[in-house]
Amino acid sequence: MKTNSLLIVMVALLVAACGRQQTLEVTVSPEVVHEDYLGNGVEWDPYDEAESWGCAVSEEDWQKLFRRLDIMRPQYVRCMINSPYRYYDPTTGRYDKTRNFASIARLLRYCTERGITVVYGEYNPPTWEMKDDSRWVDMAVDYLNFLVNESGFSCIKYFVIFNEPDGDWASTNGDYELWKDMLLQFHRKMSEYPGLTDKVKLAGPDVVANYKNAASPYDAEGWVRQCATELDSLIGIYDIHAYPGQHEVRSGSYADILARHKQWVPAGKNIILGEAGYKYRQAADSLLQAEYDRRVEGHPFTRGSDCNMLVYDYFYGLDMPLLAMEVMNAGYAGLAAWMLDDAMHSNGDSGRAEDVKIWGMWNILGEEVFGKTAEEEVRPWFYTWSLMCRYFPGGTDVLRSIVPNRAEHQVYAVAGRHDGQLSVALVNVGDTDCPLRLRLPSAMPDARLYVYEENQLSADSCGAPLPVREDMQLQDSYETVLKAHSFQLLTNLKD
């Protein structure tokens, strides 16, 4: 009887101990990881192909876009053009800087009026044969001057001359020496226009992180290294693109890849992710890739050749802020989410409406071009991405966040201070709820709490996030249960 009673007691204690979860201590240190953060934003291209689909963006849709962007407050925008839809007429070969000007003017005027930093550029030359042609340099720089000096779009701060020049899909096909020569040509031509190089700096190398083209002597890290060694005096900001897998980021391993590329950037210079999103080609993401493939089959307006069919899903609203946290904590200066709107591109920018790139937070032409009004509605990740843009504004000092065994708990954090006010974002991508105590570097009076949970999305009719708690008077800590697969943002920044 004694033995049985003792066994019962021991089992009861063991069950109780297993049922108790230890509180995770997350500390926000006053130590600054990166001063004067540029900010988080989006790729927002000027609907180059809409006219070829027979439906330019209407005034009603422009106003809808502006309302949503006012909610998000992107701190910087990457805006890229395809010159055959703009200044270069492919049928005549003529240059006309006013051709199809209206849509890009709307976009750049919005960014100028709201003080948004724009990284502007061209995906490729007007024809691939012009990749090393001075005629392209002349046209492209004159058009840049038209936008900046003649039209007054002072939001443009950086200029990209080739999109992903290391890629085997690019006109350069990984030819670093060609890209270098063209960069020098572009800089010389820009110098001929009074004041242009004072207002606009070159961005580069715009390569894809963790990628190696067999035709190139350098992988992406090598491109950054060579660029820093040979061209740093011409580079205003370093930029790379990132398309990791979900497991890669959730496991914490992507931080090492970010660090490898950043190590070559000279002191005093910034590096950003010019494009960022997720792809599911790695073995660890095979189930996600299978679901992607299932959704693509027979889809009415995409063949899925360059898409992320999972941007509709709740979990994407966890993965994108998680990637931002890793980027911010790695000492980068910002990232632009690829991309704002499905209506910006078809695959290969061919103009084929039956093969669009589904990557966005909506499709503003869902009804007009694709016959699906529901595609114009905001997708879940707009909620969290708006918070990551809005409450880590340009000029934020990113603070060091300490999360013990973060990969094991699958809990991640980032914090920033702006004008004496604090924002902290937390995400739990694990399968269990996590009791958490957040140690703060200073008091947070009048704080607000935003929560992203699958069954709790507090937003207004336009999709603007609403706080679930306000007027929180926090001293040196904040305690919560960070639920499995959830996100929280705590801030006392003024709206």
If unit charges are put on Cβ atoms (+1 for Lys and Arg, -1 for Asp and Glu) and the dipole of the chain is taken about its Cα centre, the option from 322, 204, 432 lying farthest towards the positive end turns out to be 432
Binned at 5 Å starting from 0, the alpha-carbon pair-distance distribution of the stretch 321-437 in whole percents comes out as 2, 10, 17, 16, 14, 12, 11, 9, 6, 2, 0
A student asked for the Cα radius of gyration and Dmax of the stretch 177-251 in angstrom ought to give 15.0, 50
Between residue 201 and residue 22, Cβ-based FRET efficiency (R0 41 Å, step 0.05) works out to 0.25
Result for the chain: accessible area per residue, probe 1.4 angstrom, in square angstrom, of 40
Pseudo-spin-label distance residue 449 to residue 178, built 7 Å along Cα→Cβ, given in nm, is 5.6
With +1 on the Cβ of every Lys and Arg and -1 on the Cβ of every Asp and Glu, the dipole magnitude of the chain about its Cα centre, in debye rounded to the nearest 20, is 1180
Of all C-alpha pairs within the chain, those more than 28 angstrom apart amount in percent to 54
Highest mean packing first, using Cβ neighbours within 10 angstrom, the peptides 81-91, 450-460 sort as 81-91, 450-460
Note on the chain, DSSP bridge orientation, antiparallel percent to nearest 5 equals 55
For the stretch 83-171, the charge dipole (Cβ of Lys, Arg +1; Cβ of Asp, Glu -1; about the Cα centre) points to a positive end, and the Cα of 90, 121, 108 closest to that extreme belongs to 108
Of the residues 186, 173, 336, the Cα lying farthest along the dipole of the chain towards its positive end, which is defined by charges on the beta carbon of Lys, Arg, Asp and Glu, belongs to 336
Nearest 10, in degrees from 0 to 90: the angle of helix 59-72 to the longest Cα principal axis of the chain is 40
1/(1 + (r/R0)^6) with r = Cβ-Cβ of residue 466 and residue 66, R0 = 22 Å, i.e. FRET efficiency to nearest 0.05, evaluates to 0.65
Tilt, helix 381-390 to longest principal axis of the chain (alpha-carbon atoms), in degrees rounded to tens, equals 80
Listed by chain and number, the lysines with an alpha carbon less than 18 angstrom from that of residue 97, same-chain partners under 8 positions apart left out, are 189
Set 64/279; 199/269; 131/157, cut-off 25 Å on Cα-Cα distance; pairs above it are 64/279
Under the 7 Å Cα-to-Cβ spin-label approximation, residue 129 and residue 51 lie apart by a distance in nanometres of 2.4
Taking r as the C-beta separation of residue 402 and residue 295 and R0 as 51 Å, the FRET efficiency to the nearest 0.05 is 0.85
Computed on Cα atoms only, the convex hull of the stretch 46-113 has an orientation-averaged projected area in nm² of 5.1
Each label sits 7 Å from Cα toward the beta-carbon; between residue 251 and residue 372 the label points are separated, in nm, by 3.2
Whole-percent tail of the Cα-Cα distance distribution for the stretch 197-319, cut at 24 Å, equals 40
Ordering 375-388, 243-256 by per-residue average of other C-beta atoms within 10 angstrom, highest first, gives 375-388, 243-256
For residue 483, counting only aspartates and glutamates whose alpha-carbon sits under 14 Å away and dropping same-chain residues fewer than eight positions off, the answer is 431, 433, 453, 454
Residue span residue 475 to residue 495: 0.36 nm per residue of separation minus Cα-Cα distance leaves a gain in nm of 5.1 nm
Per the Cα gyration tensor, the stretch 398-495 corresponds to an equivalent ellipsoid with semi-axes, largest first in Å, of 20, 19, 11
Here the stretch 446-495 gives, from Cα atoms, an Rg and Dmax in Å of 11.5, 35
Rounded to the nearest 500, the 222 nm mean residue ellipticity computed for the chain from DSSP H runs (n ≥ 4, each -39500 (n - 2.57)) alone is -8500 deg cm²/dmol
Burial-style ranking of 342-348, 129-135, average other-beta-carbon count within 10 Å with highest first, yields 342-348, 129-135
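The values are calculated or read from the model by the stated rules, or taken from the named source; none is laboratory data. None of these values were measured; they are calculated from a predicted model. Glycine also receives a Cβ, built like all others from the backbone with ideal geometry; neighbour counts cover every protein chain displayed. The protein model used for the area step is the full one, side chains on, heavy atoms only, and it has no ligands, DNA or RNA in it. Shrake-Rupley method; radii C 1.70, N 1.55, O 1.52, S 1.80 Å.
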